[in-house]
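*Asks:* Here's a structure for you.
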Amino acid sequence: MGAESLTGADKSSIAELRGATKRFGAVVAARDINLSINRGEFLSFLGPSGCGKTTALRMLAGFEAPTEGDIYLDGQRVNDIPAHQRPVNMVFQHYALFPHLTVAENISYGLRQRRPKPPAAEIEAAVNRALETVRLPGFGPRRIWEMSGGQQQRVALARAIINEPKLLLLDEPMAALDKKLRHDMQIELQTLQRKLGITFILVTHDQEEALSMSDRICIMRDGGIVQIGSPRDLYDRPKNRYVADFVGKSNFFEGRVTSVAGDTADLQGAAGISFIGHAGAGIAVGQRAIASLRPEQISLSRGDGGVPVTVVNRIFLGEHTEYLVQNPDLGQFLILASRQAEAGEGNLEPGETGSVSWRDGAALILNND
Amino acid sequence: MTTRLRTILLLTPAAAWLLAMLVLPLVVVVVFSFGERAAAGGYSAALTLENFANLGARWAAFKNTLMLAPAGTVLCLLIAYPLAYYLAVKADPKWRTLLLILVIVPFWTSILIRSYAWIYLLGGQGIPKLISTLGLGNPRLINTPFAVLIGIVYGYLPLMVFPIYVSLERLDKRLLEASADLGSPPWRSFLQVTLPLSMPGVATGCMLVFILLMGEFLIPAMLGGGKVFFVGNALVDLFLQSRNWPYGAAVAVALVVIMLVTVTAYMRFTRRWAGGRDDVSLM
Ligand SMILES: Nc1ncnc2c1ncn2[C@@H]1O[C@H](COP(=O)(O)OP(=O)(O)O)[C@@H](O)[C@H]1O
Ligand SMILES: [Mg+2]
């Protein structure tokens, strides 16, 4: 099934949330969520803690019934179908592995719930395949507490994928891993998803994780979806300041929109400094808005041709150097300079002055919300 | 200070305590069991196996204890588990503390007084009267093994409820979600997750109740009416009434041996059952 879903032979959605709202008393954990999940895609819910990512996932898994709205799986309305009857599996935030069972027994748990029960030999073969897939061959007889955090995570993954679910839900699966391991696991998870062709939905508050792994990202805030799009869309065309701030780093400069022509707007910032760039949705002449400039879109030089700045701080990042600079009118902002761009100029030291400039069109003129 | 010396110093208080409270009395009992009854009662030094040879004379007490202690333990378990499950899982957290206190309340009154209540309830004016009034027969309850069993279950139920409650309360609810997620309906999740993970509590409760029941004497004395006596009653009789200390000591030694054997076998069994896990605490 993997190849078929990847080539997009079947584009219809595998799951859908229609106006899904979940209230816990006065708290609205999920607010009118409308989302169609494509077959075989890797989708992420990205947002700060408490914005309703887990709740959205739990509605798909069947642990929470929506207060309003509907949940569809593979074309079927599943609001009233309990979790144990949904063809969906979840990798829990803290794995929720069964402590009284071995690794193999944990992994085979799902198959053993099927009626009629598959033959023992078949289950064993499937467990061994799953262990191979998550690169834990031979670990079957181990006890859960004999496994490291990273290994437990793989067991949780194997326990879910062995069932070949239509939808694999992952709730911050990497949150408990250290940075190096997390990075390895991200790559592995992405490879695995391509290989299996299962639709993955990942919940994370880590933007890098979402950006590097997903086909599409759902940016969430206060229980609702702010913007859905590919990582590149969200990076290049954020809908508002919230998205621009959440996806990648950005500098924001307040001002008033002085002209809008087509999809280009001009914003006059402090001291009459002008920012020209793509106008976000709903930007009109005369309104207050913000210009978003990515640190890598600003160039810093020793001369005095542009906006004068003083270097406040400098962080060496290997291929890049990050500068924090200060302008009396614009305040402090970040610049990311590549090694190549700096080669001719020589590094500016903290305390030295220089000037910054950016291309016309580099900025994004956005609503400040 | 060497590690060795420090270890010895650290262990000394515990070892002294064990020696004074456990080993010495046991040694005294064992020594007594080989002695003879002094003319005026009590102990007179000797080295004889006669006391042990005579154990058969108290066979009824051993039989009653060995039947009613396990039966009482099992009955306690059967009643306590659903109760503990309700308290830990189903009950509204708002009422939980109150319900738990209700389970303990009987402990605030002496078992003696509570047994008197049962004497009345099971006696001619109590439940039997009700049954005969309803025309359902004319049962005799008081002074039967059944009465003793009721008293035992009533008295020891909280000791079984609490360890099970604790193990159920500690159970990670996400494991049940994981089980459901993997396709298991609720009743099977209970059998596959809840029950095995509450076994440490069950094991602890059973051990506690069983060991205490083996030494019980008050309930059989009151509800068994001298007809259903336990080894504990035999001991009271031998030490306090007939003052045959050596024979009483022999009976006590026999009881200790029986308990050691059963408890060891039980621990073997539960450990094997738990697959050699260390974290399944039995006590
Ligand atoms: N079972 C619940 N009862 C009450 N409030 C809840 C419950 N689950 C979640 N919430 C609330 O709903 C909001 C969203 O929670 P959640 O979906 O867990 O967020 P996230 O996963 O993005 O951190 C939070 O304010 C949280 O406190
Ligand atoms: Mg969460």
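The values are calculated or read from the model by the stated rules, or taken from the named source; none is laboratory data. Just so it is clear, the model here is predicted, and its values are computed rather than measured. As a convention, Cβ positions derive from the backbone with ideal geometry for all residues, glycine included, and neighbour counts pool all protein chains shown.
Here is a yes/no grid of residues against (1) touching a Lys or Arg at 6+ places or on another chain (Cβ under 7 Å); (2) away from chain B (no Cβ under 13 Å); (3) modelled with pLDDT under 95:
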{"residue": "A:A56", "(1), (2), (3)": "no, yes, no"}
{"residue": "A:E68", "(1), (2), (3)": "no, yes, no"}
{"residue": "A:Q93", "(1), (2), (3)": "no, no, yes"}
{"residue": "A:E105", "(1), (2), (3)": "no, no, no"}
{"residue": "A:Y109", "(1), (2), (3)": "yes, no, no"}
{"residue": "A:N128", "(1), (2), (3)": "no, yes, no"}
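*Asks:* Please state which of the following conditions A:P66 fails to meet, knowing it meets all the rest: (1) touching a strand residue (DSSP E or B) at 6+ places or on another chain (Cβ under 6 Å); (2) touching a residue at least 24 places away in the same chain (Cβ under 8 Å); (3) outside any loop (DSSP other than H, G, I, E, B).
*Replies:* Single failed check for A:P66: (3).
*Asks:* Now, a different point. So, in region A:32-63, how many residues would count as being of a type in the set (V, I, T), within 16 Å of ligand 2 (Cβ to nearest atom) and in a strand (DSSP E or B)?
*Replies:* 1
*Asks:* Only one of A:N89, A:N106 is more than 15 Å from A:K166 (Cα to Cα), of a type in the set (S, T, N, Q) and more than 16 Å from ligand 2 (Cβ to nearest atom); which?
*Replies:* A:N106
*Asks:* Hey, another quick one. Name the single residue, out of those in region B:177-187 being surrounded by fewer than 20 Cβ atoms within 10 Å (Cβ to Cβ) and more than 7 Å from every other protein chain (Cβ to nearest Cβ), that is farthest from A:R159 (Cα to Cα).
*Replies:* B:W187
*Asks:* Return the residues of region A:46-61 that are without any contact (Cβ under 8 Å) to a residue 24 or more places away in the chain and either more than 7 Å from ligand 1 (Cβ to nearest atom) or on the phi < 0 side of the Ramachandran plot (or both); say none if nothing qualifies.
*Replies:* Residue satisfying the conditions is A:R58 alone.
*Asks:* When you look at B:P220, is it touching a residue at least 60 places away in the same chain (Cβ under 8 Å) and either within 30 Å of A:Q85 (Cβ to Cβ) or within 12 Å of chain A (Cβ to nearest Cβ) (or both), yes or no?
*Replies:* The answer is no for B:P220.
*Asks:* Hey, which of the strands (runs of 3 or more DSSP E) in region A:295-340, taking only ones fully inside, have at least 1 residues that are assigned by TED's automatic domain parsing to the domain that holds A:I273 and surrounded by fewer than 16 Cβ atoms within 10 Å (Cβ to Cβ)?
*Replies:* A:307-316, A:320-327, A:331-338
*Asks:* Do we have any residue at all in region A:86-97 that's touching a Ser or Thr at 6+ places or on another chain (Cβ under 6 Å) and either under 22 Å from B:S184 (Cα atoms) or of a type outside the set (G, A, S) (or both)?
*Replies:* No - not one qualifying residue is present in region A:86-97.
*Asks:* Something else now. Report yes if some residue within region A:2-24 is surrounded by fewer than 21 Cβ atoms within 10 Å (Cβ to Cβ), hydrophobic (A, V, I, L, M, F, W, C), without any contact (Cβ under 8 Å) to a residue 24 or more places away in the chain and not in a strand (DSSP E or B); otherwise report no.
*Replies:* Among the residues of region A:2-24, at least one is surrounded by fewer than 21 Cβ atoms within 10 Å (Cβ to Cβ), hydrophobic (A, V, I, L, M, F, W, C), without any contact (Cβ under 8 Å) to a residue 24 or more places away in the chain and not in a strand (DSSP E or B), which makes the answer yes.
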